[in-house]
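The values are calculated or read from the model by the stated rules, or taken from the named source; none is laboratory data. The structure displayed is predicted, hence computed values, not measured ones. Because the Cβ atoms are built from the backbone with ideal geometry, glycine has one as well, and the counts that use them run over all protein chains shown.
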Amino acid sequence: MKIGIVCYPTFGGSGVIATELGKALAMNGHKVHFITYNQPVRLDHFHENISYHEVTIPDYPLFEFVPYENALTSKMVDVAKYEKLDLFHVHYAIPHASAAYLAKQILASEGFHVPFMTTLHGTDITLVGKNPSYAPVVTFAINHSDIVTTVSESLKEETFLNFKITKHIDVVPNFIDLSRFNKQRKDHFKKQ
């Protein structure tokens, strides 16, 4: 598959999980396209199946606050058309899921069908999403995602509790790469 992964490029959980997932998908032969405003911090080396597409945020004096969501949407549309993406996998509800919805609509108007999957990670639901300024957008974006996942049963319950969600949510727990993080004898630490 050709998958566009949208995430925050930082050390936060959603960015780390999204990047590690993308790297694992690339190792399994999928073509992964990271779409974000900086290279993800966990994207420490490139693989032939990994591409990074930077979202350029124009500086325009009219805007006191830069409209990142619009720049992200436009970049998603461009990458989907040029790379012939099969799917967007967006991590974090704001602004990624709402940008994915808009990108999907723009692409559909041009004859492209690119579904999007939203993974909820935590503060996008428990903190940011609850803010009355964002709650309607979060609700809409979740309900219009083609697939919704979350990282825990409790986050799924909190999502249904705090938003008017009509969409099914699958729980896919965060993962640990046991080939990188395996239990080793560390007796020298115990002695210390």
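Of note:
Residues checked against (1) surrounded by 20 or more Cβ atoms within 10 Å (Cβ to Cβ); (2) farther than 23 Å from THR123 by Cβ:
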| site | (1), (2) |
| --- | --- |
| HIS30 | no, yes |
| ILE35 | yes, no |
| ASP44 | no, yes |
| GLU54 | no, yes |
| TYR60 | no, yes |
| PHE65 | no, no |
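- Scoring ILE94 on the criteria (1) touching a Phe, Trp or Tyr at 6+ places or on another chain (Cβ under 6 Å); (2) among the aliphatic types (A, V, I, L, M); (3) assigned to a strand (DSSP E or B) leaves a single failure, condition (3).
- Single residue of LEU102, LEU72 found to be at pLDDT 95 or above, among the hydrophobic types (A, V, I, L, M, F, W, C) and surrounded by fewer than 23 Cβ atoms within 10 Å (Cβ to Cβ): LEU102
- Extreme residue, farthest from ASN162 (Cα to Cα), among residues of the stretch 86-99 that are surrounded by fewer than 23 Cβ atoms within 10 Å (Cβ to Cβ) and touching a Lys or Arg at 6+ places or on another chain (Cβ under 9 Å): ASP86
- Within the stretch 65-78, one or more residues are touching a residue at least 12 places away in the same chain (Cβ under 8 Å), within 22 Å of ALA108 (Cβ to Cβ) and basic (Lys, Arg).
- ALA100 being closer than 17 Å to ALA18 by Cα, in a helix (DSSP H, G or I) and under 15 Å from the mean Cα position of the chain (by Cα): yes
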